[in-house]
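Notes follow once the structure below has been shown.
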Amino acid sequence: MSLASLLRLFFLAAIWGASFLFMRMAANSLGPAVLIEFRVGFAALTLFIVALYLKRHLAFTKHTKHFFIIGALNSALPFLLFAYAAQTISASTLSILNSTTPIWGAVVGIIWSKTKPTKSMVLGLMLGLIGVAILVGQNHLVLNTHSLIAIAAALSASLCYAIASHYTKNAPKLAPFDNAHGSMWAASFIVLPLILFMPIREVPSTDVMLGVLALGVVCTALAYILFFKLIDDIGPTSALTVTFLIPLFGIFWGHVILDEQIGPNTLLGALFVIMGTMLVTGFLPRKKHLAKTS
């Protein structure tokens, strides 16, 4: 991996880690539906401007069904679930729970392809579950039973990402940029009517709206572009390592900006989840690999 790609990887992890900070800041005042409509709307407009600059035509009507499926599974639904959870639990906990996506991906893959899991996958799933249990225990003691529903929502959001990743394997083969652009417009159409049922709660402050703007433009639209650039440069497998870095930045931003306390349960839960994810995805070195290099 070149220095430029390494810097892109850390920058991507930093801005995706910050997305949970911005959701935490805005979720209670805007409500989940309004917050996410702003997020996907700003992202869609940003990608539209980029598409105009690149002179890329989006065949939205030709692939409407596909864009709505990926828009629902990869954006609208998980974003709404994370926004709901952000009303209750910390940005650092949200970022840790988000990193369970590859673990859910392994579970969905096992069910989808009816394959037998390896020993490392089983161990990884167990470690991931222990990590989540540690986080549940921490939040249950601090925030009472409402945190359990919020944690379930965040885990469901990660599950949506996993299902979306498996869907795309058999979906129409479009350019990654077109998938991002089309899915953001579809997500904005999906979320829009929900505002009637989950309206805005109070007039947001300037800081909140600036955070929401950053959430849509930087943490969603530009993050997608950066991620696709990484995939082109280092491949999808190496690009996946951003998953392990996001919780580190999520914890950091939550502590620095929102003064969230970093307790031993947060760090221990994050350690178990990240180790479990590494085992499931095959990033944790195995003994036989270590033996070859010794």
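The values are calculated or read from the model by the stated rules, or taken from the named source; none is laboratory data. Keep in mind that this is a model prediction, so the values were computed, not measured. When we count neighbours, we look across all protein chains shown, and the Cβ atoms used for this are built from the backbone with ideal geometry, even at glycine. Surface accessibility is based on the protein's heavy atoms, side chains included, excluding ligands, DNA and RNA. Shrake-Rupley method; radii C 1.70, N 1.55, O 1.52, S 1.80 Å.
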Item to check | Considering residues of segment 122-142 that are open to solvent by less than 70 Å² (accessible area, probe 1.4 Å) and of a type in the set (A, V, I, L, M) only, the residue modelled with the lowest pLDDT | outcome: Val136
Item to check | Inter-residue pairs, beta-carbon under 9 Å, first free of Cβ contacts under 8 Å to residues at least 60 places away in the same chain and in segment 45-62, second surrounded by fewer than 15 Cβ atoms within 10 Å (Cβ to Cβ) and of a type in the set (Ser, Thr, Tyr), 6+ apart | outcome: none
Checklist entry - Taking into account only those residues within segment 148-174 that are touching a residue at least 40 places away in the same chain (Cβ under 8 Å) and not in a helix (DSSP H, G or I), which is surrounded by the most Cβ atoms within 10 Å (Cβ to Cβ)? => result Leu174
Next on the checklist: Taking the criterion of being touching a Cys at 6+ places or on another chain (Cβ under 7 Å) and surrounded by 24 or more Cβ atoms within 10 Å (Cβ to Cβ), would at least one residue in segment 78-86 satisfy it?
Outcome noted: yes
Checklist entry - Which number in (1) open to solvent by 50 Å² or more (accessible area, probe 1.4 Å); (2) in a helix (DSSP H, G or I) marks the one condition that Arg56 misses? => result (2)
Checklist entry - From the list Phe48, Phe11, Phe67, Phe38, which residue is open to solvent by 60 Å² or more (accessible area, probe 1.4 Å), outside any loop (DSSP other than H, G, I, E, B) and farther than 30 Å from Leu258 by Cα? => result Phe48
Checklist entry - If you take just the helices (runs of 4 or more DSSP H) that sit entirely in segment 179-264, which of them hold at least 1 residues that are under 19 Å from Thr168 (Cα atoms) and without any contact (Cβ under 8 Å) to a residue 60 or more places away in the chain? => result 223-234, 236-239
Checklist entry - Among the listed residues Gly269, Gly211, Gly235, which satisfies the condition of being modelled with pLDDT of 80 or more, more than 21 Å from Val132 (Cβ to Cβ) and open to solvent by less than 70 Å² (accessible area, probe 1.4 Å)? => result Gly211
